[in-house]
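Asker: Please find one structure pasted underneath; my questions will follow.
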Amino acid sequence: MILSRWKSSIFFSARVGVFAVSGQKIRLFIVDENPMVQQALAERLGREPDLEVVGRSEGETQTLLEQVRMLQPDVLVFECKRRDGCGLRLCQKVLELENNPEIIVLSSFINENERLAARSLGVRRYLLKDIATLELIYEIHAAYADRSKNTGRKRKRENGNGSYRH
């Protein structure tokens with residue numbers, strides 16, 4: 001019961017603190033080779049009023065980079081373990097983009113070498129896929145807050161009519 005209350009208060013604090021300050025939804029992009037995992041994550045996270053899943057990808061390099069440039073997500077939820085073994089290289093390419101998103105690695109199992117390599121690239125969150133939805137939402141808010149602090153400015157995004165919003 002106490003743990004449940006603690007999680008609820010963290011969730012509430014994160015939601016109020018981040019969403020109220022920014023006044024806009026946190027834009028998410030999901031990368032996983034398994035379309036069923038993508039769908040499940042999109043459904044879990046899409047229910048939150050202050051989160052918006054703007055894109056999903058199986059992670060083909062060029063397509064993913066183009067989508068991230070175009071959609072400008074705030075946070076990328078990313079599975080590094082890939083059939084081609086190039087997950088960390090892809091992660092690095094995303095982080096090299098201008099206005100790059102914060103990356104949360106969401107992994108099916110912990111690989112300490114992968115975790116350390118991801119951290120050396122600048123990834124601050126390496127989590128297991130079996131994370132509770134509430135905890136994942138908290139981590140997304142924390143990643144968004146980190147991104148906002150690190151950029152020192154609000155990103156501009158085109159709002160559809162040629163003008164920009166902050």
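The values are calculated or read from the model by the stated rules, or taken from the named source; none is laboratory data. Here the structure is a predicted model, which means the values were calculated and not measured. Cβ: placed from backbone, ideal geometry, glycine included. Neighbour counts: every protein chain shown.
Condition check ((1) in a helix (DSSP H, G or I); (2) more than 21 Å from Ile26 (Cβ to Cβ); (3) free of Cβ contacts under 8 Å to residues at least 60 places away in the same chain) across all residues:
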residue	(1), (2), (3)
Gly85	no, yes, yes
Gln92	yes, yes, yes
Leu97	no, no, yes
Ile110	no, yes, yes
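Asker: Hey, another quick one. Go through the range 40-51 and give me each residue that's surrounded by fewer than 16 Cβ atoms within 10 Å (Cβ to Cβ) and more than 17 Å from Ile131 (Cβ to Cβ).
Answerer: At the first step, the residues of the range 40-51 found to be surrounded by fewer than 16 Cβ atoms within 10 Å (Cβ to Cβ) are 40, 43-44, 46-47, 49.
Result: Pro49, single match.
Asker: OK, next. For the range 96-116: of the residues being surrounded by fewer than 18 Cβ atoms within 10 Å (Cβ to Cβ) and aliphatic (A, V, I, L, M), which is nearest to Gln72 (Cα to Cα)?
Answerer: Going through the qualifying residues, I end up with Leu97.
Asker: Report the residue count in the range 67-87 for those that are hydrophobic (A, V, I, L, M, F, W, C), over 21 Å from Leu51 (Cα atoms) and buried (at least 19 other Cβ atoms within 10 Å of the Cβ).
Answerer: Here is the first cut: in the range 67-87, the residues hydrophobic (A, V, I, L, M, F, W, C) are 68, 70-71, 75-78, 80, 86.
After this cut, where a residue has to be over 21 Å from Leu51 (Cα atoms) as well, the list is 80, 86.
If we keep only those that are buried (at least 19 other Cβ atoms within 10 Å of the Cβ) as well, we get 80.
The qualifying residues number 1.
Asker: Please give the number of the condition Leu128 fails out of (1) farther than 21 Å from Asp50 by Cα; (2) touching a residue at least 60 places away in the same chain (Cβ under 8 Å).
Answerer: Exception for Leu128: condition (2).
Asker: If you don't mind, there's one more thing I want to ask. All but one of (1) modelled with pLDDT of 95 or more; (2) part of a helix (DSSP H, G or I); (3) not aromatic (Phe, Trp, Tyr) hold for Leu65, so report the exception by its number.
Answerer: (1)
Asker: Let me ask something else about it. Residue pairs, Cβ under 8 Å, 6 or more apart or interchain, first in the range 29-45 and closer than 15 Å to Leu71 by Cβ, second outside any helix (DSSP H, G or I) and among the basic types (Lys, Arg). List them.
Answerer: From the range 29-45, the pairs are Phe29/Arg56; Ile30/Arg56; Val31/Arg56; Gln38/Arg56; Ala42/Arg56.
Asker: Scan (1) modelled with pLDDT of 90 or more; (2) basic (Lys, Arg); (3) in contact with a strand residue (DSSP E or B) (Cβ under 8 Å, 6 or more places away or on another chain) for the single condition Lys93 breaks and write down its number.
Answerer: Condition not satisfied by Lys93: (3).
Asker: Take Asp32 and decide whether it is surrounded by 14 or more Cβ atoms within 10 Å (Cβ to Cβ), charged (D, E, K, R), at pLDDT below 95 and touching a Gly at 6+ places or on another chain (Cβ under 9 Å).
Answerer: yes
Asker: Check whether at least one residue in the range 151-165 is modelled with pLDDT of 90 or more, of a type outside the set (Ser, Thr, Tyr) and not in a loop (DSSP other than H, G, I, E, B), and report yes or no. Explain how you work it out, then say what you get.
Answerer: The initial filter retains those residues of the range 151-165 that are modelled with pLDDT of 90 or more, namely none.
Checked the range 151-165: no residue is modelled with pLDDT of 90 or more, of a type outside the set (Ser, Thr, Tyr) and not in a loop (DSSP other than H, G, I, E, B).
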